[in-house]
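Novice: Below is the structure I would like to discuss, written out as structure tokens.
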Ligand SMILES: Cc1cc2nc3c(=O)[nH]c(=O)nc-3n(C[C@H](O)[C@H](O)[C@H](O)COP(=O)(O)OP(=O)(O)OC[C@H]3O[C@@H](n4cnc5c(N)ncnc54)[C@H](O)[C@@H]3O)c2cc1C
């Protein structure tokens, strides 16, 4: 069977826009997609990234940091970006989980992941990656700076404007930008965030809810070295995570915190002066890392769960938070977006290499099939863990003590928790396995 038999009417002609792709939203996942595609196809594919926020550049990501799992880190390596990102990345070698109340004198540690053991076990199936840390904490501002530079170097067209409308036709989508200009493109990638206007305009449904919780993020300086350890204290109002950053700051060492609290309590917790806020953080932070100081933040973000009913519409693919929003307790939201970027780059590349239309339904179906199950599974797992831990009932305390004991004994679930599961499975996209597109 010829390729055109499999994708009737999908072959590329020389029509306008047939080799042009427009990405709405310049986040980390979407810039990675743009760089991967432009590096692979060069002048054969035009890639436009538009975002009104480009005016502020990488600076609008200041103070944020993300746990980047091993798979996405391998993708950055394959794209030649990791050596430029690494100076802002701290390897996470150990994750220590405890379950207690604020003020408990002892925090029983009943689960640890660490020393790369889990990655090593899996890596036996995945040539030559033994001993890698299971994740790196990467500061967002320098990472976005690297991605913007790489996009420019590769020839991605960066446009400081938003998408106002995208009208798909049989052969191309006509996009109107907020600066009044128009583009004819084969595919629009909607990476315009959780409240994606493009998703709504395409009438793609959204299943989800808001948690009565907010995620408070801040950068904390501390006197003792974290030695690559991350801590997650499951407190009754939600998890309090301490995530290791590169050394620096006034006290010599730094960590990022993601502190989940009931949204109703946030004004009282953060409403005081800096000393009062620091005292609240200190009560939860624990004494392990010595004296602490507030270096950046805090800022509070209301938490939601949501999954798009479909990741595609005619000539439109949803990417990142436009497709899925999950609870941050396992630090996997951005990683899901990066896995999506790897899958979409692979599907589009497959089509272009066969001379097919990169915006064809078959391409978008391939992308959706690769990503939707993992995204739903991760959303459900983080939601379940949050429900299990964010409360203070004795019955549930017993259940979860037993539950985490089980997690510790089940390597599959453990890998899932540290973001290894999808990254290292045989069927994961090539870029996440560190292979070329
Ligand atoms: C407290 C907290 C902690 C987290 N920690 C982690 C972590 O440790 N690890 C992890 O993997 N994930 C984490 N996440 C999740 C992560 O922050 C998100 O998944 C990720 O930032 C989503 O990126 P995005 O590019 O899809 O969306 P956004 O970051 O929302 O970007 C959307 C972009 O689209 C642009 N835009 C909007 N409308 C338009 C338009 N019409 N046209 C063009 N552009 C438009 C916006 O200007 C914006 O730049 C955390 C989330 C929270 C709330």
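Novice: State all residues of the range 323-355 that are within 13 Å of the ligand (Cβ to nearest atom) and more than 22 Å from residue 138 (Cα to Cα); if no residue qualifies, say none.
Specialist: The answer is 323, 344.
Condition check ((1) more than 16 Å from the ligand (Cβ to nearest atom); (2) touching a helix residue (DSSP H, G or I) at 6+ places or on another chain (Cβ under 9 Å); (3) modelled with pLDDT under 95) across all residues:
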site: 77; (1), (2), (3): yes, yes, no
site: 106; (1), (2), (3): yes, no, yes
site: 119; (1), (2), (3): yes, yes, yes
site: 175; (1), (2), (3): no, no, no
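The rows are residues; the columns are (1) touching a strand residue (DSSP E or B) at 6+ places or on another chain (Cβ under 8 Å); (2) within 10 Å of the ligand (Cβ to nearest atom); (3) within 14 Å of residue 303 (Cα to Cα).
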| site | (1), (2), (3) |
| --- | --- |
| 191 | yes, yes, no |
| 194 | yes, yes, yes |
| 198 | yes, yes, no |
| 206 | yes, no, no |
| 211 | yes, no, yes |
| 218 | yes, no, no |
| 221 | yes, no, no |
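Novice: Among the residues of the range 63-73, is any more than 14 Å from the ligand (Cβ to nearest atom) and touching a helix residue (DSSP H, G or I) at 6+ places or on another chain (Cβ under 6 Å)?
Specialist: Of the residues in the range 63-73, the ones more than 14 Å from the ligand (Cβ to nearest atom) are none.
No, the range 63-73 contains no residue that is more than 14 Å from the ligand (Cβ to nearest atom) and touching a helix residue (DSSP H, G or I) at 6+ places or on another chain (Cβ under 6 Å).
Novice: Then there is this: Please enumerate the residues belonging to the range 331-359 that are surrounded by 23 or more Cβ atoms within 10 Å (Cβ to Cβ) and farther than 23 Å from residue 78 by Cα.
Specialist: Those that are surrounded by 23 or more Cβ atoms within 10 Å (Cβ to Cβ) and farther than 23 Å from residue 78 by Cα: 357, 359.
Novice: Something else about it: What are the pairs with Cβ atoms under 7 angstrom where one residue, in the range 334-356, is part of a strand (DSSP E or B) and the other, located anywhere, is away from the ligand (no atom under 16 Å from the Cβ) and modelled with pLDDT under 95? Sequence gap at least six, or different chains.
Specialist: 356/3; 356/7; 356/10; 356/11; 356/12
The values are calculated or read from the model by the stated rules, or taken from the named source; none is laboratory data. Owing to the predicted nature of the structure, the values given are computational and were not obtained by experimental measurement. A quick note on method: Cβ atoms are made from the backbone with ideal geometry, for glycine too, and the neighbour counts reach across all protein chains shown.
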